[in-house]
Amino acid sequence: DLRGGVRRPVLRLVTLGALLTWLLTALAAHLIFDEPVRLSLLLGAVLVVSGPTVVGPLLRLARPADPDATILRWEGILIDPLGATLGLFCLNAFFIDELALDAVWGEFVAVALAGAALGLAAAGILVVALRRFAIPDDLEVAVAIMLVVAAYVAAETVRPEAGLFATTAMGLALANQRWVPVEQLRAFGEPVVALLIGSLFIVLAAGVEAEPLVDHLAGGLMLAAVLVLIVRPLAVALATARSPLSLPQRAFLACMAPRGVVAASTAALYALRLEDIGQASEVLVPVTFVVIIALAVVYGVGSIPAARRLGVARPSPRGALVLSGRPWAVDLANELCRNGVPTVLVARGRRDLAGRDDLPFAVHTGLIRELPDSGLLDDVRAAVVASRDDETDLMALSVLVEALGRRNVWLLPSKPRGDGTSDPARPVAVESWIQRPFGPGVTHDLLEQAVVAGASVRTVDADDMPPDALVLARIRADGSWSVSGSGTASAGDRVIVVDGGVSPASVPGEH
């Protein structure tokens, strides 16, 4: 990911940018709340962190193009352990041990190295075990979680706050190695992370009293305004100086810096430690929560219009994917492209289509599971699965439903519903929940019969549609399209049809 001029802005954001954010936030907190400098420095360190759990959802909503999306994602990943460790050392240096600056820096490096080393060691153990088939397939996720926890605990035992470095390093190592697959870990981890983060926020918020939150609401909002309007733009300007990024790209980076669960959890932890040493703070936790909520609202509401106004947002996907190598599917892809719909044809076995540069549509003849990483789905809104091979269809459904959502995937059946027969090779459960494309009663058999009978795929005006034509897609006047059989045509709509051959009325079953 960190290629093409992306690495330098990321590294500067998590080093120079983080340092500037810490100092400016501490200065603003000192001026607003009139607290001791050491407490303001601790609060500034807590509010340095952003985090992938808050940046990721906002990136999915705002849809910024690269390099902004990659820079923000990696800043969130790397800033968590750095910010949390900075907060710990502020606590130790200014409240407990009163360490000198050079001692703090040496301890910081030791924590980072210890955590990274233990994380890499845990990743190596897992890769070797998976490579040697020492772990049963159904226990891969459980063993991986065991090693993550073990690496975290071991790192925290060696140096406090080294655990985040360990888990981050372990994740980076596993994601970038090519010796064993880790798709199961990703599929398991995403929903569990969402559940744990939500639960953790509830637990942390339950410990915050309403009265101090209200008392510090005005000051917290002022601090949030400083972070949005002054601190973040200056940090981005410093981090992107002399970089190839355009002015709109830099401006959008300055429009995205939410705070998340790491800031909340570290604030709660440090508040408990300050209380234990008799230096309790009434500002640290409530101000942190006010800032988190305020920034979530500001960036959550403003990220989408900012990306669009600055011109860095990727356009909403509107393309089609057709998974079939049948002649009618190739003709359908041609007609969709003729009507302005970017189309991808997935045609396993059609080597005659691979590598051709005279086709208006993109062609993928490789493995279906490679589609998400191929970039071909970036502009795809919906897909029609029509391979007529059950294993291929099931694999395509598992990949495309996850990538596009269930409402945007259609499966062409072999037989119409209610014809009194069933295909024992095709799972009935799939037939019951997946949508069917095209018009009522349109099946593989019907399309094959129409092709044999000499039918052609063409585009006609909705008002001039032949009475016996099979409807494959509707192109609306505004450029949107659908392969759903439902809906009525409006003035100016066009219809892609199979004209001639067999009509649905001539086939028993669903009409």
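The values are calculated or read from the model by the stated rules, or taken from the named source; none is laboratory data. Small disclaimer: the values here were computed from a predicted structure and weren't measured. When we count neighbours, we look across all protein chains shown, and the Cβ atoms used for this are built from the backbone with ideal geometry, even at glycine. Note: areas computed on protein heavy atoms with side chains; ligands, DNA, RNA excluded. Shrake-Rupley method; radii C 1.70, N 1.55, O 1.52, S 1.80 Å.
Structure values in brief
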| item | result |
| --- | --- |
| Span-like helix ranges in the chain, DSSP H, alpha carbon extent 30 angstrom or more, Kyte mean at least -0.5 | 68-91, 101-131, 183-206, 284-310 |
| Placed amide H near THR343: partners under 5 Å, 5+ positions off or other chain | ALA320, ALA362 |
| Surface/4 estimate of mean projected area, convex hull on alpha-carbon atoms of segment 1-95, nm² | 6.5 nm² |
| By accessible area with a 1.4 Å probe, ligands and nucleic acids excluded, highest first: order of GLU391, GLU35 | GLU391, GLU35 |
| Considering only the chain, percent of DSSP beta bridges that pair antiparallel, nearest 5 | 50 percent |
| Furthest towards positive pole of dipole, PRO305, SER456, SER265, structure part the chain, Cβ charges | SER456 |
| Relative packing of peptides 122-132, 256-266 - highest average C-beta neighbours within 10 Å first | 256-266, 122-132 |
| Charge context of GLU402, other residues only, Cβ under 12 angstrom, K/R +1, D/E -1 | +1 |
| The chain, dipole about Cα centre (Lys/Arg Cβ +1, Asp/Glu Cβ -1), debye to the nearest 20 | 1160 debye |
| Reduced Cα scattering model of the chain, Debye log10 I(q)/I(0), q = 0.10, 0.12 Å⁻¹ | -0.90, -1.10 |
| Local net charge near PHE33, Cβ-Cβ under 14 Å (Lys/Arg +1, Asp/Glu -1) | -3 |
| Packing-based ranking, highest mean first, of 464-471, 163-170, 204-211 given that Cβ atoms within 10 Å are counted | 163-170, 464-471, 204-211 |
| Span from the segment 35-91 Cα centroid across to the segment 340-372 one, whole angstrom | 40 Å |
| Enclosed volume per residue, in Å³, of the convex hull spanned by Cα atoms of segment 105-188 | 80 Å³ |
| For VAL460, net neighbour charge (Lys/Arg +1, Asp/Glu -1) across residues whose Cβ lies under 12 Å away | -3 |
| Segment 104-225: relative contact order in percent, alpha carbon pairs under 8 Å with at least 6 residues between | 30 percent |
| Against the rule of thumb 2.2 N^0.38 Å, how large the Cα Rg of segment 234-280 comes out | 1.85 |
| DSSP-assigned coil residues among trypsin sites (Lys or Arg not before Pro) in segment 177-246, each with at most 13 further Cβ atoms within 10 Å | ARG178, ARG242 |
| Heavy atoms of TRP410: accessible area, 1.4 Å probe, square angstrom to 10 | 20 Å² |
| Value of [θ]222 nm, deg cm²/dmol, for the chain, DSSP H segments ≥ 4, -39500 (n - 2.57) each, nearest 500 | -17500 deg cm²/dmol |
| The chain, relative contact order [Cα under 8 Å, separation at least 6], % | 12 percent |
